[in-house]
Amino acid sequence: MQSSNGRSRGGGGGAESSVDNHESHVPVPAGGPGQVRYDDPWYDALASGWGESGGVGAPVPAVSQAPREEEATAVAAAEVYLEVQRSAAFQEVRSRYRRFVVPAVVVFFVWYLAYVVTATTAPGLMARPVAGAVNVAMLAGLGQFLTTFLFTWAYVRHARLRRDRAALELRWDTQELTRGIRGGVS
């Protein structure tokens with residue numbers, strides 16, 4: 001394979017790179033270092049089409065108990081997260097978030113629509129000079145940027161003062177509960 005400047009890409013001396021020759025790759029069961037194993041979690045035989053052991057009619061290997069235990073642990077962890085989601089502390093954090101975000105979005109959206117509607121319906125008003133070459137439309141457009149920064153500052157301040165501590169405590173409690181399910185391993 002060649003790059004756009006005419007030089008060969010890849011580090012091999014052969015005519016084809018390993019990328020070009022991927023269809024002929026067949027992984028070998030683990031027998032030595034550096035070889036691909038079938039139980040490798042990063043190896044997805046169904047997606048790649050590699051590693052079919054005996055073709056059609058080959059016996060399917062038995063499923064071990066480890067995946068079933070992992071599934072049970074995952075289900076128990078999911079129950080922990082659902083329990084936290086139903087808790088009063090989580091609902092309080094979510095309601096504090098909504099009490100700030102919903103009115104802020106409504107105010108900003110109305111302010112933006114007022115700017116756009118005024119610019120299209122009253123061009124004479126927007127073209128009125130304020131100081132030199134600066135007109136009402138320029139000030140309103142710059143006001144859009146200013147209100148974006150003000151809303152961002154207000155959101156960060158609100159989150160820091162009214163939500164972050166409660167959310168951090170919820171996260172800590174959730175981690176402690178899931179750590180107990182997984183036997184101390186997180």
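The values are calculated or read from the model by the stated rules, or taken from the named source; none is laboratory data. Small disclaimer: the values here were computed from a predicted structure and weren't measured. Side chains are part of the model used for accessible areas, which takes the heavy atoms of the whole protein and leaves out ligands, DNA and RNA. Shrake-Rupley method; radii C 1.70, N 1.55, O 1.52, S 1.80 Å.
Annotations for the structure displayed:
- Within the accessible area of region 85-172, the carbon and sulfur atoms contribute 70%, probe 1.4 Å, all protein chains present.
- Segment ALA131..ARG160, full-extension length gain: 6.5 nm, with 0.36 nm per residue of separation and the alpha-carbon distance subtracted.
- Pair-distance distribution of region 83-126: all C-alpha pairs, bin width 5 Å, starting at 0; shares per bin in whole percent are 5, 21, 14, 12, 11, 10, 8, 7, 6, 4, 3, 1.
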